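Here's the structure, in structure tokens; my notes come after.
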Amino acid sequence: MPIPSDIISEIRDRADIVSVIGQYVHLRQRGKNFVGLCPFHTEKTPSFNVSPELGIYKCFGCGKSGDVFTFLQEYNGLSFLEAVRTVASSVGIAIPEGAEQAPSPADEHRRQLIRALEAARDYYRSQLEKHVAAQRFIHDRGLSQAMVERFQLGAAPPSWTALGDALSAQGFAIDVLRDAGLVAIRDDGSQYDRFRNRVMFPIWNTAGNVIGFGARTLSNDPNEPKYINSPQTAVYDKSATFYGLHLARHKIVHEQHAVIVEGYMDAIALHAAGIEHCVATSGTALTEQHIEILRRLTKRVVLVFDGDTAGWNAAHRAVGLALRSGMSVDVVILPEGEDPDSLVRTRGVEIARQQLSKRLSPIEFLVAWSKRTNDWSRPDIATQQIRALAEMLTPVPDSIYRVLLLRELSDRVGIPVDLLQRTTPAHRVHQPQRNQRVPSPKHSEPPTTPPPPAPILPEEVELLKAVLLSRNAAQTLFDEYVFDPATLPTASARQLLEAVAEQLQTDSSQRPPGSALPDLNIPDHVRTLAEWLIFTHEFPSPRWSDHGIELDRDRHLRRLLDDALGKLEERRLKHRIEELTKQLQQQPDNVELLQQIKRLNELRIQLTNQTP
């Protein structure tokens, strides 16, 4: 049976949406709400708004909106049921036994794969103490039991079928184990374990579910690959997965930058050294998807790569990706032959921290990389390389950051900034002809909150804000004033108020009507209007209390409601007077019309005197 709606509502109401979204997005408070860079599209100006009071979010850049469940569904790729269970667990609400929601076939398949992968994780962990070579590896790498537990390390036995046999005995079908990347099938139909005689590193998604494995060989066979990884599956995409991100994301948001390393052991070593805002790529080079994932949490990354040629080249590619994505980036190139793991293990935590503090700016690194790989003593080569470096900065989206980078490049290579700018393709394409007037630059970044998405009257704006943000105001409007939504002048306002009135009749909670916005049955343009009303309302500053003036929030919204009703009534009277005046022009001797107009004018004057 489905989860009862009252339990879903209780879970939603108990959840701290700022805390949940804050695990993935760096949020800062602005008035009653919080804002940050949208995790669903690329932007430079924060347009992602979160209302802790109503438990909803809205991005005015890409239009994404919803509640705490919607966010987890879209960000982590969860089904609705998975999102509800995740939030329920965090707020300590038990979901009744047997409460289910029929998942789609694709969701069910994903759940089966994750269950199989987590069962494999448990099996590998159970084998660790039995595997002498794996224990020796753990000891030689100086890993504490705490780190072994934190990263759930395990061991795959040398057997060709041990894992498959164990999981089959638990009821997992062979096709599920195959699709999870745990076993492979021979041409004759027999199966064998993909990972054998290896230390196993579980790989998680951002929700903390196991989605794959990295595996380090324990064999002395020189033909055996040192590391292998799970293949691409329905739940594991190595080009969009960071190792350890679910453990690091809180620290990344707190430290306001992420440290990226190349290997599993490198990430574990830095976590052990207290550098917990560290992640590693998962068996692949850094990709645009990787950068986009981190950009949701921070705008700054520090690359820590090995000092060999492969490390330099990987860092060069990663710097280009980061700059094109609008990220600030620094680089740490370790001494040749060292990696973060060996540095911590052989030279200690303090020396490792000192080494990691020796960061190169992107320009400092790019010039060093170019001089390492090219002969700058030849003017033609130096010219070619300087031009290439300047062109590499062309895609940097932030114009100020781009100019600052060009200035640093100018200082390092001794070429004036204006000359460097003239060498770039963008400058050559957009260079104005002589005497051509150059338009002044305009601020092109999208505003944090756009203008009203639907044409409604100012007094309708006030009334709807009061009703959406205060249950007391809404109940006063309908129960005390017996207001009819059909009397509102504009269609969008009428549709929204009618939906709120209907929701109040079925919702027994005391939450503001705006918190039920994701559940309202309204057209998209009306929903967008409601979101705009909620996130653009400014309450009186709480700083008034510093002067001994306490402002009651409900009283403020009730006053807003009363003012709006007064203005709407004044508008209605004015419109009626205009209608009667037109009739009087056709019937100048109609005394009754004249008396009606007089009475309505008196009412309008009284109302005007009462309305501030």
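The values are calculated or read from the model by the stated rules, or taken from the named source; none is laboratory data. Note that this is a predicted model, so its numbers are computed, not measured. Methodologically, a virtual Cβ is constructed for each residue, glycine included, from the backbone with ideal geometry; neighbour enumeration extends over all protein chains shown.
Checking each residue in the stretch 70-83 for being in contact with a Leu (Cβ under 9 Å, 6 or more places away or on another chain) and over 16 Å from E108 (Cα atoms) picks out only L72. If you go through the stretch 172-180 one residue at a time, do you hit one that is part of a helix (DSSP H, G or I), over 30 Å from E74 (Cβ atoms) and not polar (S, T, N, Q)? Checked the stretch 172-180: at least one residue is part of a helix (DSSP H, G or I), over 30 Å from E74 (Cβ atoms) and not polar (S, T, N, Q). Among the residues of the stretch 280-337, the ones that are among the β-branched types (V, I, T) and more than 13 Å from V259 (Cβ to Cβ) come to 7 in all. On the stretch given as the stretch 250-263, residues that are farther than 18 Å from V329 by Cβ, modelled with pLDDT of 90 or more and assigned to a helix (DSSP H, G or I) total 1.
Would you tally the residues in the stretch 332-343 being part of a helix (DSSP H, G or I) and either touching a strand residue (DSSP E or B) at 6+ places or on another chain (Cβ under 7 Å) or closer than 13 Å to L303 by Cα (or both)? Number of matching residues: 1. Considering only residues in the stretch 178-197 that are in contact (Cβ under 8 Å) with a residue 40 or more places away in the chain and touching an Asp or Glu at 6+ places or on another chain (Cβ under 9 Å), the one that is surrounded by the fewest Cβ atoms within 10 Å (Cβ to Cβ) turns out to be N197. Scanning the stretch 115-143 for residues that are small (G, A, S), surrounded by fewer than 17 Cβ atoms within 10 Å (Cβ to Cβ) and modelled with pLDDT of 95 or more yields S126, A133. Among the residues making up the stretch 374-397, those that are touching a residue at least 60 places away in the same chain (Cβ under 8 Å) and surrounded by fewer than 20 Cβ atoms within 10 Å (Cβ to Cβ) are P395, P397. Report yes if some residue within the stretch 289-301 is within 22 Å of the chain's Cα centre (by Cα) and either free of Cβ contacts under 8 Å to residues at least 40 places away in the same chain or assigned by TED's automatic domain parsing to the domain that holds L405 (or both); otherwise report no. Yes, the stretch 289-301 contains a residue that is within 22 Å of the chain's Cα centre (by Cα) and either free of Cβ contacts under 8 Å to residues at least 40 places away in the same chain or assigned by TED's automatic domain parsing to the domain that holds L405 (or both). Can you tell me which residue among G283, G320 is assigned to a helix (DSSP H, G or I), farther than 16 Å from E43 by Cα and not aliphatic (A, V, I, L, M)? Answer to the selection: G320.
Considering (1) out of contact with any Lys or Arg (no Cβ under 9 Å at 6 or more places or on another chain); (2) surrounded by fewer than 15 Cβ atoms within 10 Å (Cβ to Cβ); (3) modelled with pLDDT under 80, the lone condition that R555 does not fulfil carries the number (3).
Quick one: is F242 crowded, with 24+ Cβ neighbours inside 10 Å and in contact (Cβ under 8 Å) with a residue 60 or more places away in the chain? Against the criterion (crowded, with 24+ Cβ neighbours inside 10 Å and in contact (Cβ under 8 Å) with a residue 60 or more places away in the chain), F242 does not qualify. Evaluating S282 against the criteria (1) out of contact with any Ser or Thr (no Cβ under 7 Å at 6 or more places or on another chain); (2) crowded, with 18+ Cβ neighbours inside 10 Å; (3) in contact (Cβ under 8 Å) with a residue 60 or more places away in the chain; (4) over 14 Å from F365 (Cα atoms) leaves one unmet condition, (1).
When V329, V367, V396 are checked against the criterion of being outside the structural domain of L419 (by TED's automatic domain parsing) and closer than 25 Å to R422 by Cβ, V367 stands alone in meeting it. Against the test of being part of a loop (DSSP other than H, G, I, E, B) and out of contact with any Ser or Thr (no Cβ under 8 Å at 6 or more places or on another chain), the options V302, V329, V396 yield a single qualifying residue, V396. When the strands (runs of 3 or more DSSP E) confined to the stretch 26-120 are screened for residues that are touching a Cys at 6+ places or on another chain (Cβ under 9 Å), those reaching at least 1 such residues are found at 48-51, 56-59, 65-67.
In the set (1) out of contact with any strand residue (DSSP E or B) (no Cβ under 8 Å at 6 or more places or on another chain); (2) surrounded by fewer than 24 Cβ atoms within 10 Å (Cβ to Cβ); (3) within 30 Å of S144 (Cβ to Cβ), G311 fails one condition alone, (1).
Among the numbered conditions (1) under 26 Å from the mean Cα position of the chain (by Cα); (2) at pLDDT 95 or above, the only one that L81 does not meet is (2).
Of A83, A15, all but one fail to be without any contact (Cβ under 8 Å) to a residue 24 or more places away in the chain, of a type in the set (G, A, S), closer than 19 Å to S515 by Cα and buried (at least 16 other Cβ atoms within 10 Å of the Cβ); the exception is A83.
Pairing each residue of the stretch 157-169 that is under 23 Å from Q135 (Cβ atoms) with any residue that is of a type in the set (D, E) and exposed (fewer than 15 other Cβ atoms within 10 Å of the Cβ), provided the two are 6+ apart or on different chains, yields C-beta distances under 9 Å for S159/D165. Look at (1) in the same structural domain as Q112 (by TED's automatic domain parsing); (2) in contact (Cβ under 8 Å) with a residue 60 or more places away in the chain; (3) among the hydrophobic types (A, V, I, L, M, F, W, C) and you find that L247 fails only one, number (1). Out of L419, L404, one residue alone is surrounded by fewer than 19 Cβ atoms within 10 Å (Cβ to Cβ), without any contact (Cβ under 8 Å) to a residue 24 or more places away in the chain, within 21 Å of L303 (Cβ to Cβ) and not assigned by TED's automatic domain parsing to the domain that holds V304. It is L404. Scanning the stretch 194-217 for residues that are touching a strand residue (DSSP E or B) at 6+ places or on another chain (Cβ under 6 Å) and outside any strand (DSSP E or B) yields a total of 4. Filtering the stretch 474-484 for residues that are within 13 Å of L533 (Cβ to Cβ), at pLDDT below 90 and not in a helix (DSSP H, G or I) leaves an empty set.
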